[in-house]
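Trainee: What follows is a single structure, and I will ask about it in a moment.
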Amino acid sequence: MASFPDFVNENEIAKAQFIGELLVPVAPFDQKSGRETWTVAFAPDGSYFAWSQGHRVVRLVPWTSCLSNLKQFLQIPEQSSVGSTDLSSAAGSRRLSRQNSDGQLQKNVPREHTIDCGDIVWGLAFGSSVPEKQSRCVNIEWHRFRFGQDQLLLATGLNNGRIKIWDVYTGKLLLNLMDHTELVRDLTFAPDGSLMLVSASKDKTLRVWDLKDDGNMVKVLRGHQNWVYCCAFSPDSSVLCSVGAGKAVFLWNMDKYTLIRKLEGHHNDVVSCEFSPDGALLATASYDTRVIVWDPHTGSVLREFGHLFPPPSPIFAGGANDRWVRSVAFCHDGLHIASVTDDKLIRFWSIEEKSPQAIAPLTNGLCSAFSTGGSILAAGTRNGSVHFWACPQTIASLQHLCRMALRRVMPTDKVRMLPIPPPMVDYLSYKAN
């Protein structure tokens with residue numbers, strides 16, 4: 001069994017550019033178990049990077065500081081497409097750290113923090129508030145917490161089933177949410193600034209929390225038969241995808257809190273999911289050695305990225321193998337996907353090609369996330385460290401930029417009704433290669 005199809009020469013695949021790592025000091029008492037980096041996350045404004053470095057600890061690092069160290073490894077100019085957005089975000093963060101006329105540090109300056117969460121950390125998510133996004137509980141006139149425009153929160157999902165909400169700038173604990181009965185595996189905030197938080201748990205449920213209503217639980221989403229591994233919002237916050245210990249991919253209507261449909265196609269547990277920036281695509285990763293790219297509006301399969309060749313039979317794919325796909329991340333350019341697999345490789349895929357565009361070695365990889373600017377991939381490992389790579393450089397065509405702009409506001413059924421030639425409809429639907 002091979003890692004690449006016969007028509008691909010592994011030696012001709014580009015090597016992804018490694019640009020640095022964050023290491024965790026190993027204490028004498030430190031053991032292998034408990035050191036895992038189960039999750040990594042970037043703040044939506046590009047100000048912070050966070051990772052669970054094991055032993056109950058979450059590390060918050062200003063992304064500016066990371067970039068100042070990583071930039072020396074980048075073999076590209078600052079004005080190029082890769083790194084430019086991240087570097088501009090870093091410049092904005094640097095402006096925040098200036099002192100006022102009295103020599104005092106300004107409020108909300110990105111500072112490095114180490115947070116002891118009290119238990120093993122499985123999930124992380126940043127959330128930022130938009131004041132005009134009111135709580136859905138409109139009848140409540142008094143709130144204990146009022147989250148302002150400059151508020152940046154970090155949610156941590158713990159092994160004991162609790163969710164702790166922290167003020168990122170101060171490291172202060174704000175809320176302690178305790179309704180789950182098993183470990184909280186993943187967390188995601190609605191990207192619309194409403195501070196609606198969804199948690200995925202081993203107790204087979206997803207729970208919806210309204211942090212603008214003092215963290216009250218709004219709804220319990222039931223349907224998974226086993227624990228839920230991952231959840232992700234669509235860019236417009238209207239749809240939630242959830243995956244877990246089962247072969248189905250669940251899509252939920254987050255206005256009505258109802259199940260829209262189940263996507264069938266995987267042969268083993270589905271462990272990771274993420275929408276494309278325009279919401280037209282959904283990528284899911286499974287232990288069946290595949291990443292599937294779906295049209296979430298129709299439920300159809302658009303692409304399959306394999307990690308084992310010849311492709312395994314459903315029986316083999318449904319069991320243990322050395323090509324389990326652990327994580328999938330969608331780049332913000334809408335053109336690239338990254339996958340982390342047990343075969344000790346990270347792969348960067350172009351959505352227009354069947355073989356990887358670039359690869360990189362990674363032992364014991366567990367999770368991944370693209371930076372806010374989309375040019376740098378962070379991947380966490382079992383030993384608590386985080387590795388960074390530059391995404392392959394691609395200049396997006398005007399066609400693709402127009403497609404993304406259109407698909408942000410137009411679902412597939414409306415695209416099909418447009419009075420345009422069929423090849424253009426296929427292109428807008430991501431069917432054309």
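The values are calculated or read from the model by the stated rules, or taken from the named source; none is laboratory data. Not measured: the values here are computed from a predicted model. Please note: Cβ atoms are built from the backbone with ideal geometry, for glycine as well, and neighbour counts cover all protein chains shown. These area figures cover heavy atoms from the full protein model, side chains too; ligands, DNA and RNA do not enter into them. Shrake-Rupley method; radii C 1.70, N 1.55, O 1.52, S 1.80 Å.
Trainee: Where in segment 171-231 are the strands (runs of 3 or more DSSP E), entirely inside, with at least 3 residues that are touching a residue at least 24 places away in the same chain (Cβ under 8 Å) and either in contact with a helix residue (DSSP H, G or I) (Cβ under 6 Å, 6 or more places away or on another chain) or buried (at least 20 other Cβ atoms within 10 Å of the Cβ) (or both)?
Mentor: 184-189, 196-201, 205-210
Trainee: Enumerate the pairs (first residue in segment 340-356 and without any contact (Cβ under 8 Å) to a residue 24 or more places away in the chain; second residue anywhere and of a type in the set (S, T, N, Q) and part of a loop (DSSP other than H, G, I, E, B)) with beta-carbon separation below 7 Å, excluding pairs fewer than 6 apart on the same chain, so at least 6 apart or on different chains.
Mentor: Every condition considered, the pairs that remain are Lys344/Thr363.
Trainee: Residues to consider are Thr394, Thr298, Thr284, Thr372; find the one that is touching a residue at least 40 places away in the same chain (Cβ under 8 Å), open to solvent by less than 10 Å² (accessible area, probe 1.4 Å) and among the polar types (S, T, N, Q).
Mentor: Unique residue meeting the criteria: Thr284.
Trainee: Just to be sure I understand the filter: pairs with C-beta atoms under 9 Å, separated by 6 or more residues or on different chains, first member in segment 408-427 and free of Cβ contacts under 8 Å to residues at least 40 places away in the same chain, second member open to solvent by 50 Å² or more (accessible area, probe 1.4 Å) and acidic (Asp, Glu). Which pairs pass?
Mentor: The qualifying pairs are Val409/Asp236.
Trainee: Filter segment 314-348 down to the residues that are over 15 Å from Glu274 (Cα atoms) and either open to solvent by 50 Å² or more (accessible area, probe 1.4 Å) or among the acidic types (Asp, Glu) (or both) and list them by number.
Mentor: If the condition is that a residue be over 15 Å from Glu274 (Cα atoms) and either open to solvent by 50 Å² or more (accessible area, probe 1.4 Å) or among the acidic types (Asp, Glu) (or both), then Pro314, Ile315, Phe316, Ala320, Asp322, Trp324, Asp342, Asp343, Lys344 are the ones that fit.
Trainee: Can I ask one more? Please work out which residue is modelled with the lowest pLDDT, limiting yourself to segment 147-169 and to residues that are in contact with a strand residue (DSSP E or B) (Cβ under 8 Å, 6 or more places away or on another chain) and charged (D, E, K, R).
Mentor: For segment 147-169, the residue satisfying everything is Asp167.
Trainee: So if I check each of Val130, Val138, which one is modelled with pLDDT under 80 and exposed (fewer than 11 other Cβ atoms within 10 Å of the Cβ)?
Mentor: After applying the criteria, what remains is Val138.
Trainee: Kindly provide the set of residues from segment 409-430 that are exposed (fewer than 14 other Cβ atoms within 10 Å of the Cβ) and under 25 Å from the mean Cα position of the chain (by Cα), ordered by number.
Mentor: Scanning segment 409-430 gives a single hit, Val409.
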